[in-house]
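> Provided herewith is a single structure, encoded as structure tokens, for subsequent inquiry.
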């Protein structure tokens with residue numbers, strides 16, 4: 001578990017006067033001499049990247065695996081001691097190719113910090129010595145006075161002290177796309193969520209409306225976005241289940257190699273039947289037989305093929321092991337906005353003529369609620385038809401268009417001539433439009449309770465009625481009903497006046513209004529997300545929502561998606577409540593919660609770590625800068641390709657090209673198939689290699705001729721490799737999503753695979769040794785050297801053929817090869833054919849016999865070899881039959 005991050009200074013609760021005194025500045029800004037002093041103290045206002053590995057360092061790291069070291073030692077001994085240079089070259093070639101591919105993969109992995117650096121604005125308007133200057137934003141220091149206006153990117157963290165209808169879009173930090181209204185008033189509260197710090201402006205966010213001025217309080221790595229960069233840089237690269245499994249496999253093989261090699265070496269010395277050189281050659285043979293040299297390449301190819309399949313389903317893999325990690329996912333921690341929802345405010349309910357309707361109900365284009373929501377609106381329709389402006393206002397315009405109300409046409413006959421902009425005190429805005437020759441139409445939208453206070457009448461079916469207290473209570477009850485459904489509610493009112501008052505202000509205009517109606521809006525869930533959550537649940541995968549949005553909204557969407565049930569209690573926790581829990585307390589209670597609302601970036605990382613502490617494999621989705629640390633900390637980070645920032649993509653293992661949560665379920669399915677196919681390939685290779693080790697072990701004990709290292713390499717790298725790769729493209733078996741996640745501690749040997757490897761390896765060795773013994777007992781030559789040459793050749797060919805036939809057994813762990821169309825996988829069929837040809841080349845083509853130490857076999861000898869290979873299929877089929885019966 002991580003230690004909870006240290007509490008940061010609460011600038012939102014500090015008065016501007018205190019900050020000015022602390023930084024020794026003034027409203028006219030700091031002096032040039034102060035700038036130099038402060039730059040020495042705080043440094044540049046920029047994101048800093050940590051140490052990045054060179055290609056040489058990455059290449060050297062590839063050789064730290066013990067299996068690779070054993071192979072390299074075997075190659076050196078084969079070349080310099082035993083003078084088997086062909087063996088040495090082949091082994092070293094495999095090792096170097098694997099290392100080069102590892103460097104290629106690692107070099108593509110990072111990019112989040114670079115993307116963060118690009119988010120900074122190049123220039124800032126700063127007041128120094130009472131004069132406004134435009135300077136490079138990297139030169140800003142705490143205490144600087146910075147001016148903001150619409151279109152700016154905030155250059156540093158600011159404590160605002162002047163605002164004029166200032167709105168800032170902070171989705172890069174909070175994940176919420178709705179612009180935040182900013183104020184200059186000090187917030188005297190504790191533990192205020194980042195999204196609620198209205199008197200602060202944060203580096204990297206975008207000013208969408210109005211203007212403001214603030215004092216710089218944090219620069220560079222001390223800003224909120226800098227803290228995210230620190231968390232990304234400090235996040236440890238998680239070892240994936242696949243990497244863990246391969247590491248465990250390497251350890252098992254290493255111990256096996258060392259023990260068997262030492263035993264055979266000691267037995268050989270004790271018998272004085274072989275020279276030290278010959279014993280070293282035998283040890284090399286054991287190492288070559290035990291180590292599946294092609295396994296790293298085979299796993300990489302299977303993962304690459306899985307990557308191609310995922311790309312067809314709009315899931316782009318950035319790091320190959322992520323393909324398999326998806327299949328072991330226990331928990332999906334999903335951001336709400338843009339991932340589970342559409343990231344687009346939409347009208348869901350409309351209350352007009354004192355009746356609450358769904359948004360799909362037909363609304364007359366002359367309906368006054370519809371007209372007010374469009375006229376009292378600052379959104380614009382571009383030439384290409386795109387609606388530009390605040391998401392709330394664009395949703396209202398879009399609703400009008402769906403009901404045949406075209407505001408751009410209406411404004412031609414009812415033009416706006418004045419307005420009262422929205423401000424945070426009265427929480428409403430008013431548009432004034434010419435209506436006919438002498439009439440003026442005043443239209444107001446805002447918070448329903450405050451708009452209602454300005455009303456004296458209401459409109460119903462084109463008739464005006466006096467607004468009584470009972471009417472007010474009924475309207476407010478509808479407002480509460482929509483709010484409880486997590487809808488953002490706006491109220492609308494209007495009046496017609498002949499003569500405009502003077503002066504025009506809120507007191508003279510926004511009074512004696514006619515209440516028209518209300519709308520309830522929400523960022524709706526994606527249509528396919530609910531089914532995807534249900535499918536994940538069926539597969540034993542839990543979906544939890546981790547969002548910067550408010551608790552009520554998050555809980556409502558979670559209920560609609562099936563993440564929490566309607567009667568769920570205590571399933572939601574907020575960031576402020578989370579901060580009160582120690583890491584240990586959170587780890588104990590983590591499974592209780594399904595929704596984490598109003599959380600900050602550090603909270604997200606703690607949530608991921610707490611689930612991991614429960615031994616769960618965690619996938620985390622996200623699209624904002626604020627999601628990047630959690631994406632990095634998760635076992636698999638899933639970024640959004642369309643709405644996602646470059647920072648979140650850079651921190652991800654997988655990117656959804658369609659931003660579709662349902663794609664994750666398809667990716668999990670593909671991940672499970674990839675694991676199953678890797679498991680088949682490993683079962684195939686390990687049973688084959690165990691058969692080879694036992695064969696050499698017994699041959700050595702019996703004093704018979706041991707298979708040459710080059711023969712074993714040919715089997716391992718050629719005859720075995722092609723079928724193993726082909727097993728990686730086996731079709732998905734039915735019911736793969738009916739299984740529960742296999743768990744973080746599962747290995748490739750679970751589910752009965754290890755016993756299968758052991759008995760199949762023993763059977764392979766027994767058949768091979770039986771054929772060798774037959775060749776000795778029933779020779780076709782009288783020369784002992786030729787007899788032993790035939791026996792060694794028959795053992796070599798039998799071992800290779802057994803493995804090719806055995807590949808058909810491994811296509812299914814329990815099903816008979818006759819229960820399905822065993823020739824459906826064309827890649828597999830070609831791999832077997834190619835492997836047979838390559839095996840035949842070593843035995844049948846003149847010139848290769850000497851290189852591979854083989855003799856020419858007659859028809860009877862070939863018959864015995866083929867019969868031995870078929871016997872392997874028969875034995876495994878009998879075992880599978882008993883497994884199905886019992």
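The values are calculated or read from the model by the stated rules, or taken from the named source; none is laboratory data. Being a predicted model, the structure only gives us computed values, none of them experimental. Positions of Cβ are backbone-derived with ideal geometry, glycine not excepted, and every protein chain shown enters the neighbour counts.
> May I ask you to list pairs of residues, at least six apart or on different chains, whose Cβ atoms are under 8 Å apart, with the first in the stretch 845-872 being in the same structural domain as residue 765 (by TED's automatic domain parsing) and touching a residue at least 40 places away in the same chain (Cβ under 8 Å) and the second being surrounded by fewer than 19 Cβ atoms within 10 Å (Cβ to Cβ) and not in a helix (DSSP H, G or I)?
So the pair list comes out as 858/780; 860/780; 861/780.
> Return the only residue of 540, 548 being at positive phi and either within 19 Å of the chain's Cα centre (by Cα) or not in a loop (DSSP other than H, G, I, E, B) (or both).
540
> Here is a further query. Looking for whichever is in a helix (DSSP H, G or I), at pLDDT 65 or above and closer than 30 Å to residue 292 by Cα here; the options are 97, 19. Which one fits?
Exactly one residue qualifies, and that residue is 97.
> Follow-up question, since we're still on this one. Could you please give the count of residues in the stretch 607-622 that are surrounded by 24 or more Cβ atoms within 10 Å (Cβ to Cβ) and out of contact with any strand residue (DSSP E or B) (no Cβ under 8 Å at 6 or more places or on another chain)?
1
> I need the full set of residues from the stretch 698-732 which are modelled with pLDDT under 80, closer than 20 Å to residue 827 by Cα and outside any helix (DSSP H, G or I), in order please.
720
> Hey, among 772, 796, 759, which residue is more than 26 Å from residue 828 (Cβ to Cβ) and either in contact with a helix residue (DSSP H, G or I) (Cβ under 9 Å, 6 or more places away or on another chain) or assigned by TED's automatic domain parsing to the domain that holds residue 618 (or both)?
772
> Where the second residue is in a strand (DSSP E or B) and modelled with pLDDT under 65 and the first is outside the structural domain of residue 618 (by TED's automatic domain parsing) and surrounded by 24 or more Cβ atoms within 10 Å (Cβ to Cβ) and lies in the stretch 213-240, which pairs have Cβ atoms under 9 Å and are six or more apart or on separate chains?
none
> Any chance you could count how many residues in the stretch 378-396 are crowded, with 22+ Cβ neighbours inside 10 Å and touching a helix residue (DSSP H, G or I) at 6+ places or on another chain (Cβ under 8 Å)?
1
One line per residue, one yes/no per condition, for (1) in a loop (DSSP other than H, G, I, E, B); (2) touching a residue at least 40 places away in the same chain (Cβ under 8 Å); (3) within 10 Å of the chain's Cα centre (by Cα):
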position	(1), (2), (3)
610	no, yes, no
619	no, yes, yes
643	yes, yes, no
649	no, yes, yes
670	no, yes, no
679	no, yes, no
686	no, yes, no
696	no, yes, no
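> Quick one: which of 847, 868 is modelled with pLDDT of 90 or more and either closer than 21 Å to residue 785 by Cβ or surrounded by 16 or more Cβ atoms within 10 Å (Cβ to Cβ) (or both)?
Unique residue meeting the criteria: 868.
> Out of (1) in contact with a strand residue (DSSP E or B) (Cβ under 8 Å, 6 or more places away or on another chain); (2) modelled with pLDDT of 95 or more; (3) over 29 Å from residue 417 (Cβ atoms), what's the single condition that is false for residue 490?
Here residue 490 clears every test but (3).
> Against the condition touching a helix residue (DSSP H, G or I) at 6+ places or on another chain (Cβ under 9 Å), buried (at least 22 other Cβ atoms within 10 Å of the Cβ) and closer than 30 Å to residue 373 by Cα, how does residue 332 come out, does it pass?
Taking the combined requirement at face value, the residue does not satisfy it.
> Taking residue 394 as the residue in question, decide whether it is in a helix (DSSP H, G or I) and under 30 Å from residue 652 (Cβ atoms).
yes
> Which count do you get for residues in the stretch 649-694 that are surrounded by 24 or more Cβ atoms within 10 Å (Cβ to Cβ), under 18 Å from residue 342 (Cβ atoms) and at pLDDT below 85?
So the count comes out to 1.
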